[in-house]
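Report on the following structure.
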Amino acid sequence: MLFKNALSVLSVLSASALGLVSAQSSTAYTDTETGISFQRFSTTSYSGFSFSIAFPTDPTTEFIGQIVGPINTDGGWSGVSFGGGMTSNLLLVAWPNGEDIVHSFRYVTGYEAPSVYDGDATATTMYTNINSTHWSWTFRCENCVSWTDGGFDVTASYAIMGWAQSKTAVSDVTDASCTLQYHDNGFGQYGMLIGSALSDQYSTWISDAGLSAGTPSGNSSTSAVPTATASATATASSSATATSAIPAATETLGEYDYIVVGGGAGGLITADRLSETGAKVLLIERGPPSTYASGGTVGPAWLNGENLTRFDVPGLCNEIWVDSTGIACNDIDQMAGCLLGGGTAVNAGLFFRPQDRDWDYNFPDGWKATDMVSATDKLFARIPSTDTPSMDGKRYLQEPYEVLAAALPQSGWEAVTANESPNSKNKTFSHTPFMYSNGERGGPLATYLQTSMARDNFELAVNTTVRRVVRTGSTITGVEVLASDVGGKTGIYTVTANTGKVILSAGTFGTAKILMRSGIGPEDSLEAVQASSIDGASMIAKEDWILLPVGYNVMDHANTDMVASHPNITAYDFYGAYDDPIEADKELYLDNRAGIFATAAPGPNTMLWQSFVASDGITRQLQWTVRAEGSLGEEGDTLITISQYLGTGMTSRGRISIKENLNMATTVSPYLNNEYDIETVIAGVKSIMSSIANVSGISLVQPAAGVDAESFVNNYIENRRSNHWLGSAKMGTDDGRNGNGTTGSVVDTDTKVYGTDNLFVVDASVFPGHVATNPSAPIMILAERAVERILALGTSASPSAVTSSTVAVQTSTSSSAVVAPVSSTIAAAPTSAVVETSSAKTSSIGTSSTKVVVPTSSAAAVVPTTSTSAAVVAPTTSAAVATSAATSTAATPTGAAAAGHYYQCGGKGWTGATTCVSPYTCTAQNDYYSQCL
């Protein structure tokens, strides 16, 4: 039988309880049945997979490939990425159909289902074989080494490639263009040793398979294939539609004092604080609502009728890796959330009070640690962290912490409470602090957004993409928007003449893209926009371009995973629990907001920190996040992954750029392109290896036995991405216009874009350097501080008097006053909902004429105000969260009704409501802030 050797080996090895992958690069392999000598990457994990490749001695645009994949009960597919990752790389997937193998070339620029590739790559079957456990397909691949926006160098010694498998059946096994299901049976990257895959026998192998060495690419047929199933050559076809120019919008949609672009960590805080002054504020989000209180509806069946979406439940946060359609950004080559809340709606909710060094080392004057005290206190008063997110007071999935807490002190590590000791970042470990509240996600969506929505001077537009800012020279007059989904807006929003401001808070990739499409950025990126068939004809004139280093200085935490095993560790199947939760766990959460679902998936409940002084004299800091699951291809129920993040002090930087198709791509990798960064990563791996080496029960799986830290790090092939992207619009005093748009800073210390009068950036992109922890809290603190500085520049033109239009309305089940943003997706309210009075607050979510109040259990309560007009005031340092147009503190007036869910109810200097609507209790978070929880 053909490929008996390859198939039988995988069949035997895949039966191992814990497959160990010691190498992450290819090795020499000769198929004894055909005589073809390959370089092969293989893994025995995930039921087994291998991809092999062979080139002629003088490689051109073709090769011989071989994919071996498992036979799954429900079907499935196996595939390879010729560029490593999923996005912006040529993908080839295959699956069995009876005695045949069906294959399909795919391509995608964002994290969504890949479309059929429209290039000229072809694959001609040479041999196929299918047995009871695996299938094998050997093929000639022509025009497969380069593709749209990419390729790999066939003359290099190696290339980074990737693999992925699904055990879920495709929509139609007979159709090469069918819908593919998520890769739920493993994926990863590896190094393919191209230089070792060359052979002067290449032409003979082609001929032996019955193919002609001169067969041109795209030939639609092949001759008979000896002793194997023959198949016609498949030429990739496209399901994509051609793009065409989009004319500039002309319809004016409204005028505002402030337009904030992006409803993520920076934008939610910025919009709330600006609207707190009484100014007219518009917040624009390109994606849909997320949490139930924000108008979201997406979730598994077991949440139906519970006033929850998947984004409310902490334990469902990793579902984005399974189902990201309509949630993840589809125009960048990394994973990011494009929905209301941004990363704070989909991430694991880790929430750290920053160390002083994050500000002092990275930021210019005016942004040092002493300058950030007020902003930090304001944030943590609004969003107190917790390392016990379950409402029963218990910690769940604590086995990794217990194992390491018993081991680390023996090597000099100290246990701390992370947010009580933010500056203790050397050989310390802690329980993980989260932004969760009341067993739900909480964060800015449950606090800042809710107080914004309670104000008559605030509007929210979702499913609306900002194409570019509209500007005349240095003055921004508004933003041009396009509807990205149902209910979105198309047209131009303008800002108040002379005093209006636009604030970009669209994230490291999104903000950079808007700037570039607006004629602000490096010349090569602006030329790409100019050459675009979509934007080119309507782009701002070249003489008005502002050359700034947008997209430079990009950073992400460089991730290095280690894997260990301990018999006390028990993995939890969060992915399976999405549709089929354990009944007891489900009931505990739904009834009490307690248990496993009240903590983040997949249990990142243990944190470690360490600092090292590298040979260049710079102190670099590492954070380790520990979770109860395998990594690096390792499978098993007793595994923990210890993920190292290289943070503050790192000097490696990358670059992101815009393509002619207007997608954003990482054109220079930000990972470990500095020898001292690598030195620090190696030192960290050595430290962990040493700290757990002699602890009873702990077995180090990766690095594998006999592999030292240097070899492990230097040969690490897995993706180092942490999705903590910062820096594309760097803050500094060195005006980037003086660096010809390739060096220097993009924004000044007021966060204003150089060369503009009224354009600001308030998000992750302005960070000059990376931070020691997950960056959500630092980004929010930055937003608090940025608003202080923006307001200090001068207030907008006096807005018209603000009338508080939120009216207390009693639901059929509760006496609380509640209001939720309006959405066409929740227009069919539950029977307990009550339609508001004619003065009710509306938004641009869905149909703006619809007014609905959702049940108390799902919406943040809003305290009615006592005034019909508002003074224009600067934000104060108080943590007030309820609207009061009559006072300068924006606080609930004395004698007001009971405060709602998540609202302030006490603290030093507080004069508002001190009781909470049922069933919530006024809970002291600190001396200055009590909150209804």
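The values are calculated or read from the model by the stated rules, or taken from the named source; none is laboratory data. Just so you know, these numbers come straight off a predicted model, no measurement behind them. We work out accessible area using only protein heavy atoms, side chains counted, and drop any ligands, DNA or RNA first. Shrake-Rupley method; radii C 1.70, N 1.55, O 1.52, S 1.80 Å.
Grouping the Cα pair distances of the stretch 713-781 into 5 Å bins from zero gives a pair-distance distribution of 4, 16, 23, 19, 14, 11, 7, 5, 1, 0 percent in increasing distance order.
The heavy atoms of T914 offer some 90 square angstrom of accessible surface to a 1.4 angstrom probe. Residues whose amide H comes within less than 5 Å of that of T606, counting only those at least five positions distant or on another chain, are T432, V626 (H built at 1.01 Å from N in the peptide plane).
For the stretch 312-318, 3J(HN,Hα) computed residue by residue from phi via the Karplus equation (6.51, -1.76, 1.60; θ = phi - 60°) reads 7, 8, x, x, 9, 5, 7 Hz, glycine and proline entered as x. Of the accessible area of the stretch 374-420, computed with a 1.4 Å probe over protein heavy atoms only, carbon and sulfur atoms account for 44 percent.
Apolar share of the accessible surface for the stretch 27-209: 45 percent from carbon plus sulfur atoms, 1.4 Å probe.
For the stretch 584-612 versus the stretch 753-792, the inter-centroid distance based on Cα atoms is 30 Å. When the alpha-carbon atoms of the stretch 498-547 are used, the pair Rg, Dmax equals 11.5, 34 angstrom. The spacing between the stretch 351-409 and the stretch 447-488, judged by their C-alpha centroids, is 31 Å. Heavy atoms of the protein chains alone define the surface here; on that basis the stretch 160-204 has 42 Å² accessible area per residue at 1.4 Å probe size.
Take the alpha carbon gyration tensor of the stretch 349-446, find the square roots of its eigenvalues, order them as a ≥ b ≥ c, and report rounded if a/c is under 1.5; if not, report prolate when a/b exceeds b/c, else oblate. Don't skip to the answer; put the middle values down first.
Details: a/c = 3.25, a/b = 1.21, b/c = 2.69.
Taking the square roots of the gyration eigenvalues as a ≥ b ≥ c, the stretch 349-446 is oblate.
The alpha carbon centroids of the stretch 122-166 and the stretch 615-675 are separated by 27 Å. In order along the stretch 633-640, phi translates into HN-Hα couplings of x, 7, 10, x, 8, 10, 9, 10 Hz, rounded to whole numbers, per the Karplus curve 6.51 cos²θ - 1.76 cosθ + 1.60 with θ = phi - 60° and x for Gly and Pro.
Counting only heavy atoms of the protein chains, get the accessible area per residue of the stretch 642-796 (1.4 Å probe) and round it to a whole Å² value. Can you show the working numbers first?
Numbers: 4800 Å² over 155 residues.
Roughly 31 Å² per residue, with all protein chains present.
Under 5 Å from the amide H of T30 lie the amide H atoms of F38, each residue being 5 or more positions distant or on a separate chain, with H modelled from the backbone and absent for Pro and chain starts. Phi-derived couplings, Karplus 6.51 cos²θ - 1.76 cosθ + 1.60 at θ = phi - 60°, listed residue by residue for the stretch 354-369: x, 6, 4, 5, 4, 8, 5, 7, 8, 9, x, 4, x, 10, 6, 4 Hz, with x used for Gly and Pro.
Semi-axes of the equivalent ellipsoid for the stretch 27-209, computed as √(5λ) from the eigenvalues of its C-alpha gyration tensor and ordered from largest down, come to 23, 19, 15 Å. Out of the total accessible area of the stretch 458-507 (probe 1.4 Å, heavy atoms of protein only), what percent is carbon and sulfur? Roughly 54 percent of what the probe reaches on the stretch 458-507 is carbon or sulfur. Taking amide H atoms as placed 1.01 Å from N in the peptide plane, the amide H of R310 lies under 5 Å from those of V298, G299, each 5 or more residues away in sequence or on another chain.
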